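The structure appears below as C-alpha cells.
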Amino acid sequence: MLFKPDPNPPTVQQIAKAFRLTGWLSFWTQAVLTVVSTIILLFAAASSGLRPANSAPSPGTGSGLLLTFCGLGALGFSIYWAFRYTRLGRRLSAKDSEARPKKADTIQAVRIGITLNLGGMLLTLLGLGATLGGLFVKAATQQGSVFNNDPSRLIQAVDILVVQSSINIMLGLFVGLVAGFFLLNRIIR
C-alpha cells in the first residue's frame with residue numbers, strides 16, 4: 001500500500017493546519033507592522049530630543065509616547081505568541097496522540113494570546129488618546145498665531161507620525177486578536 005493514512009482525526013488535522021497557517025499569517029503581518037512602527041517611533045523620539053531646551057514638549061512625547069512604546073512591546077509579545085501558534089499546530093499534527101496537547105491547554109494558549117492583544121490595544125489606545133489630546137491643545141492654541149516664532153506650538157509632521165505609529169500598532173494587535181478568535185472558534189466548534 002503506497003498511501004499511509006494519517007492516524008489523526010480529520011478535525012484535529014484541520015485545526016492543526018489552521019493553527020500553522022493562521023500563526024504564520026499573523027506572525028508576518030505583525031512583524032512588518034512592528035518594524036514600521038518601531039522606525040517611526042524611534043524617529044519621533046530622536047526628533048523630540050533635537051528641540052531647543054526652552055520649547056514646549058511635543059504631544060508625541062511623555063506619557064503618550066511611553067504608552068505607545070508599551071503597546072509596541074505588547075505587539076512584540078504578540079508576534080512571539082503567533083509563532084507559538086505555529087509550533088502548537090505542529091504539535092497538534094503529531095502522529096502520537098500522547099504528544100498532542102490537550103484541548104483545554106490549546107484553548108488556554110489561545111485565550112492568553114487574546115488577552116495579550118487586548119491589553120496591548122488598551123495601552124496603545126491610552127497612548128493614542130494622550131497624543132491626540134496634546135495635538136488638540138496645539139491645534140487650539142495655534143489659532144491666530146501665524147506670526148508666532150515658537151515652532152513647538154505648531155503641529156509638526158513628527159506629531160502625526162506618532163499617531164500613525166499608534167494606528168499601525170493597533171492594526172498589528174487587531175490582527176493578533178482576529179487570529180486568536182478565529183483559532184478559538186475552530187477549536188470549540
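The values are calculated or read from the model by the stated rules, or taken from the named source; none is laboratory data. All values reported here derive from a predicted model rather than from experimental measurement. Backbone-built Cβ (ideal geometry, glycine too); neighbour counts: all protein chains shown. What goes into the accessible areas is simple: the full protein's heavy atoms, side chains included, and nothing from ligands, DNA or RNA. Shrake-Rupley method; radii C 1.70, N 1.55, O 1.52, S 1.80 Å.
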field: Near pairs, Cβ below 7 angstrom, 6+ apart or cross-chain, from segment 111-133 (over 28 Å from A157 (Cα atoms)) to any residue that is open to solvent by 70 Å² or more (accessible area, probe 1.4 Å)
entry: I114/F181; L116/F77
message: Within segment 67-80, does at least one residue satisfy the condition of being among the hydroxyl-bearing types (S, T, Y), open to solvent by less than 70 Å² (accessible area, probe 1.4 Å) and outside any helix (DSSP H, G or I)?
response: no
